[in-house]
Amino acid sequence: MEGTDEATVRAAVESGDSLPGTAGFAGRLDDALVRDVLGRYPLFVESGAAGGAVPDADWSADPTELADPDPVPAGHVRDADGTREVWSLPDPDPFSNPETAVEAVRDAVETSIDAVDADGLAIAFSGGVDSALLAARLDAPLYVAGFPDSHDVEAARSAAELLGRDLRVVELTHDAIERAVPGIVAATGRTNAMAVQIALPLYLTAERVAADGFDRLALGQGADELFGGYAKVAKAPEDPRVDADTVRGAQREVVATLPDQLSRDVLTLRAAGVEPVTPLLHDRVVSAALRLDDRMLVDGETRKWALRQAALGSLPAAVAMRDKKAAQYGSLAARELDRLARQAGYKRRMDDHVTQYVESLVE
């Protein structure tokens, strides 16, 4: 069982408690396969596997070990009775006031980060509030990946200076991208442009981290989904990219996308030689985030309001309140993968030209 002990998972199955105080879990429990409600650990089963207990040869955390892998859905148990949902995200009442919310978020975040063992640990650092919280509270080296003129490198350098920390820059190049793409595709089974663009800075950072002798990489994954970091959440219900008619509803909508995202990220990082550490996805943080109302998530133009207010106890205001770009854009990985595709003859007028280029690299 990855993530926690079997006794905790068994109790969660029996009680239906979807957030039993863990950082996620997946694996075999007696004769069943189980995966936590947010899918924080990947778990796959051989497509078409017979009913009943799944033999060890027919399931794995690594899809490359199976002939035709299907993901076990997050929040589900697969046993002799089939695959059934056991856990769903709770829908608690919001906090009664903003001060209570900020204190609860601060306690959950700081407790989760402070519990991380820094031995063998590095930190993926973009200069935004999520990774800066990790940097402020963990004694581990900071790494940022990007092309020399990228937003992420500039932001990480300025934030590291404000925190009084050294920074190691993983400089992206076209050669590095072309070399990394086949490894990402092999690990994740995905060739679509967006998935590869997101995975590129993660993979190349993790490669460097592993080469430097570290085997674990701390990331701020989950904060944007949990705390209202996306423009489409902030603009609900006007934004057509979400169905919800409130910011809080849109938050839950994007949280539901985490299992697919986290599977991609975990597999990418493991392929590069490190194990991800994601304290902002601990159950206690998730529980606090799900109790935030619209204005605690997005206040005017300020996204992730409650998290930023909570972060002021650990960070300078200039870092806690700083906006950041998604890694694929902030690192310029998306722009340069598009440039490579066009240089290789895959023009923008072609249907999904970057995906076609990615597929050409792994043929």
Return the pairs, sorted by first residue and then second, in which the second residue is open to solvent by 10 Å² or more (accessible area, probe 1.4 Å), the first residue lies in the range 139-167 and is without any contact (Cβ under 8 Å) to a residue 12 or more places away in the chain, the beta carbons are less than 7 Å apart, and the residues are 6+ apart or on different chains.
none
Return the residues of the range 107-136 that are open to solvent by 60 Å² or more (accessible area, probe 1.4 Å) and either in contact with a Leu (Cβ under 9 Å, 6 or more places away or on another chain) or closer than 18 Å to Glu161 by Cβ (or both); say none if nothing qualifies.
Asp114
Among the residues of the range 162-176, are any of a type outside the set (D, E, K, R), under 16 Å from Thr268 (Cβ atoms), in contact with a Leu (Cβ under 8 Å, 6 or more places away or on another chain) and assigned to a helix (DSSP H, G or I)?
yes
Here is a list: Ala306, Ala271, Ala310. Which entry is in a helix (DSSP H, G or I), out of contact with any Pro (no Cβ under 6 Å at 6 or more places or on another chain), open to solvent by 20 Å² or more (accessible area, probe 1.4 Å) and at pLDDT 95 or above?
Ala271
I'd like the full set of residues that are small (Gly, Ala, Ser), in a helix (DSSP H, G or I) and closer than 16 Å to Thr191 by Cβ, limited to the range 313-357.
Ala333, Ala334, Ala341
Can you pull out the residues in the range 94-119 that are part of a helix (DSSP H, G or I) and of a type outside the set (A, V, I, L, M)?
Pro98, Glu99, Thr100, Glu103, Arg106, Asp107, Glu110, Thr111, Ser112, Asp114
Would you please name the residue that is surrounded by the fewest Cβ atoms within 10 Å (Cβ to Cβ), looking only at residues in the range 243-261 that are in a loop (DSSP other than H, G, I, E, B) and within 16 Å of the chain's Cα centre (by Cα)?
Thr257
Among the residues listed as Ala320, Ala311, Ala341, the single one being without any contact (Cβ under 8 Å) to a residue 60 or more places away in the chain and of a type in the set (Gly, Ala, Ser):
Ala341
Against the definition (of a type outside the set (Phe, Trp, Tyr), in contact with a strand residue (DSSP E or B) (Cβ under 7 Å, 6 or more places away or on another chain) and assigned to a helix (DSSP H, G or I)), how does Ser360 come out, yes or no?
no
Which numbered condition in (1) at pLDDT 95 or above; (2) at positive phi is the only one that Gly189 fails?
(1)
Of a type in the set (Phe, Trp, Tyr), assigned to a loop (DSSP other than H, G, I, E, B) and surrounded by 15 or more Cβ atoms within 10 Å (Cβ to Cβ) - does that describe any residue in the range 79-93?
yes
I'd like to check something: does the range 188-211 contain any residue that is over 20 Å from the mean Cα position of the chain (by Cα), assigned to a helix (DSSP H, G or I) and not β-branched (Val, Ile, Thr)?
yes
Considering only strands (runs of 3 or more DSSP E) wholly within the range 1-66, the ones with at least 1 residues that are among the charged types (D, E, K, R) and closer than 19 Å to Leu262 by Cβ are 32-35
Out of (1) acidic (Asp, Glu); (2) under 24 Å from the mean Cα position of the chain (by Cα); (3) modelled with pLDDT of 95 or more, the one Asp70 does not meet is (3)
The range 254-265 residues that are without any contact (Cβ under 8 Å) to a residue 40 or more places away in the chain, paired with ones that are among the hydrophobic types (A, V, I, L, M, F, W, C) (beta carbon under 7 Å, 6 or more apart)
Val254/Val233
So which residues in the range 212-240 are part of a loop (DSSP other than H, G, I, E, B) and either at positive phi or at pLDDT below 95 (or both), if there are any at all?
Gly213, Gly222, Gly228, Gly229, Tyr230, Lys235, Ala236, Pro237, Glu238, Asp239, Pro240
Options Arg295, Arg264, Arg284; residue that is open to solvent by 10 Å² or more (accessible area, probe 1.4 Å), closer than 30 Å to Pro182 by Cα, in a helix (DSSP H, G or I) and modelled with pLDDT of 95 or more
Arg264
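The values are calculated or read from the model by the stated rules, or taken from the named source; none is laboratory data. What you are looking at is a predicted structure, and each value in this text was computed from that prediction instead of being measured. Counting neighbours? That spans all protein chains shown, and the Cβs are built from the backbone with ideal geometry, glycine included. We work out accessible area using only protein heavy atoms, side chains counted, and drop any ligands, DNA or RNA first. Shrake-Rupley method; radii C 1.70, N 1.55, O 1.52, S 1.80 Å.
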